[in-house]
Structure formats: C-alpha cells, structure tokens
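To start, the structure under review is shown below, and the notes come after it.
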Amino acid sequence: MDKSIILELAFNGTNYAETVKITEIAEFKEDYDKFDEICDKLCEGMSKDEKHKILWDLELAVFGMGSVYSKEYFKAGFKLGLTIAAQNFLE
C-alpha cells in the first residue's frame, strides 16, 4: 500500500514544520518583546538564579497552555474537515 496523502504532504522529504519561520514574523517579535518586558518587571530585584527559575517555570506553564489550546482547536478543525470531506464524497 502506498503512503497516505496526509503522510506524503506532512513528510515529503522534509519536516513541514521546518518551513515555519515563527521568529521572522513581525507579530511574534512584538509579542516576544512585550513578554520580555513583563518578565524584566516581574523579576526586578531577583538574583540571576531566581530569575532563571521563575522564568523557566512561567515559560513551561504558558507554552503548556498554548500547546493544549492549539491541539484542541486542531482536533476540532480536523474533525470538521473530515466530516465535510465525507459528506462531499457521499454526494
């Protein structure tokens, strides 16, 4: 059996995620700068080690929430796409 079209699109010789250059997007840069400013304010007066630990914990929490958010919306969109495709196929 040949590879599925989904696998072919996702892994056709490269990892599709490598084509996303998130740090080059202006909106990401602006948000990153805002985040950096907030972190500096939060960590004012802390030692370097304290700052590193609190920022690491904050980063894990924020990115963890973002990961769950993205995964759930992806699943919902994917299910919707499959439903629409199946309905069109059956017509």
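The values are calculated or read from the model by the stated rules, or taken from the named source; none is laboratory data. Worth saying up front: this structure is predicted, and the values here are computed from it rather than measured. For neighbour counting, all protein chains shown are included, and Cβ atoms are generated from backbone atoms with ideal geometry for every residue, glycine included. For accessibility, only protein heavy atoms count, side chains too; no ligands or nucleic acids. Shrake-Rupley method; radii C 1.70, N 1.55, O 1.52, S 1.80 Å.
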Seminar exercise, completed: The ³J(HN,Hα) series, computed from each phi in segment 23-33 with the Karplus coefficients 6.51, -1.76 and 1.60 at θ = phi - 60°, rounded to the nearest Hz and given as x for glycine or proline, is 6, 9, 8, 4, 4, 5, 4, 4, 5, 5, 5
Problem set entry | Reachable lysines, given that their alpha-carbon falls under 25 Å from the alpha-carbon of K71 and they are not under 8 places away in the same chain | K3, K21, K29, K34, K79
Seminar exercise, completed: Sorting E44, E18 on solvent-accessible surface, 1.4 Å probe, most exposed first, gives E44, E18
Problem set entry | Separation of the D57 and A26 label points, Cα + 7 Å toward Cβ, nm | 3.8
